[in-house]
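Shown next, in structure tokens, is the structure this report addresses.
The values are calculated or read from the model by the stated rules, or taken from the named source; none is laboratory data. No experiment lies behind these values; they were computed from the predicted model shown. Here the Cβ is made from the backbone with ideal geometry for all residues, glycine too, and neighbour counts use every protein chain on show.
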Amino acid sequence: MTSKFEEAKSSKSLELQDIANLERLKNVIAGFELGVHCEIEQIADRRPLLSITPSKLKTYTDYVGLFHPVKLLLHAENHYEIRVNIVENAEAGKYEFDDSDFLRGLVTKVSVKSPLKICPGLQEFKYQDLDTKLGYQPKKLFSQKWPWPVNRHVECLIWHSPTNARKSRPSLRDCCERCKLLSRELDRILERRKKNVSSSIRRSAKSTHRIDVLSPASRKIRLQNIRGERKYFRKIARKYWEKTKVHLNEKENQELSMLISEIEASVQGREELDNVFEEAEKSKKGRGRTLKEVWKMDRLEFLNDQRRNGN
Ligand SMILES: [Zn+2]
């Protein structure tokens, strides 16, 4: 039977054994002269570990307070992990206390001599809240708002050696290849979205963009939009005209027909007419366009009457 006392005694002796092993490891690492900071950490309810960081200095952020962005943890149980930004496990595996070469390689990775860097992900403002901006979350994009905003490739290399750093724009310089690729993909999506928005404006019936400079597809859509809109205003115009039309005698009809032709034949008349429509449109949206349709309808009606009268 093992008493509580004996249990405590054996766990205490294991702890002492662990600490002695880690102390020895600490000395071996000091011998590498890589300038790293080494500390034995004792953890409640777990066996101790040796934590190795590039320097003693910690980073501070409002979200998490003080922390070491990169940490190599050598657990007493002979397994190791390289942790980046606390939560990311960049590498993990087994090690042996006496495998000095392997340990040196591992410690070099977290020393200031290491070519490896943390991929900061996509930090530019345009990549933030993409799900809201695009209406969907791009498949390859991993986003997280807490403990700090993260936008990166779902398979970001996180702890990597940057390549082509000089060719990249400053915000992407330390990014991994996957995040750089993703940035190009997202740029294309955002560019396409911008083009679609501006082309949908150019294609609208109200656009002041010259129709002859549009692409054949855009021109077709714009004309369809204009036709659709004219159909709508013509419908309103017809209702209005049905209500207000007055029957004129032949003389009145002739006079009005002449007036219409005179107005339409002169530049000034056409300008005046356009002003009337514009003013009406300004006073109420759609009014000018309805009036324009009424004008066309009335004129057509008179001309038809004229023709009938002539027959
Ligand atoms: Zn990345």
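Structure notes:
- Enumeration of residues in region 87-138 that are free of Cβ contacts under 8 Å to residues at least 24 places away in the same chain and either of a type in the set (Phe, Trp, Tyr) or touching a Pro at 6+ places or on another chain (Cβ under 6 Å) (or both): 95, 102, 125, 136
- Of the residues making up region 26-47, those that are under 26 Å from residue 8 (Cα atoms) and either out of contact with any strand residue (DSSP E or B) (no Cβ under 6 Å at 6 or more places or on another chain) or β-branched (Val, Ile, Thr) (or both) are 40, 42, 43, 44, 45, 46, 47.
- Subset tally (residues that are within 34 Å of the chain's Cα centre (by Cα) and more than 13 Å from residue 37 (Cα to Cα)) for region 70-108: 12
- Only a single criterion out of (1) more than 16 Å from residue 52 (Cα to Cα); (2) away from the ligand (no atom under 11 Å from the Cβ) is not satisfied by residue 156, namely (2).
- Screening the candidates 90, 165 for the property of being outside the structural domain of residue 39 (by TED's automatic domain parsing) and within 15 Å of the ligand (Cβ to nearest atom) yields one hit, 165.
- Residue 5 among the aromatic types (Phe, Trp, Tyr) and part of a loop (DSSP other than H, G, I, E, B): no
- Of the residues contained in region 108-121, none is found to be within 11 Å of the ligand (Cβ to nearest atom) and touching a Gly at 6+ places or on another chain (Cβ under 6 Å).
- Considering 251, 292, the condition of being in a helix (DSSP H, G or I) and in contact with a Phe, Trp or Tyr (Cβ under 6 Å, 6 or more places away or on another chain) is satisfied by 292 alone.
- Selection count where residues are surrounded by fewer than 15 Cβ atoms within 10 Å (Cβ to Cβ), modelled with pLDDT of 70 or more and either more than 13 Å from residue 286 (Cα to Cα) or in the same structural domain as residue 198 (by TED's automatic domain parsing) (or both), scope region 213-242: 11
- Of the residues making up region 117-151, those that are at pLDDT below 90 and part of a helix (DSSP H, G or I) number 5.
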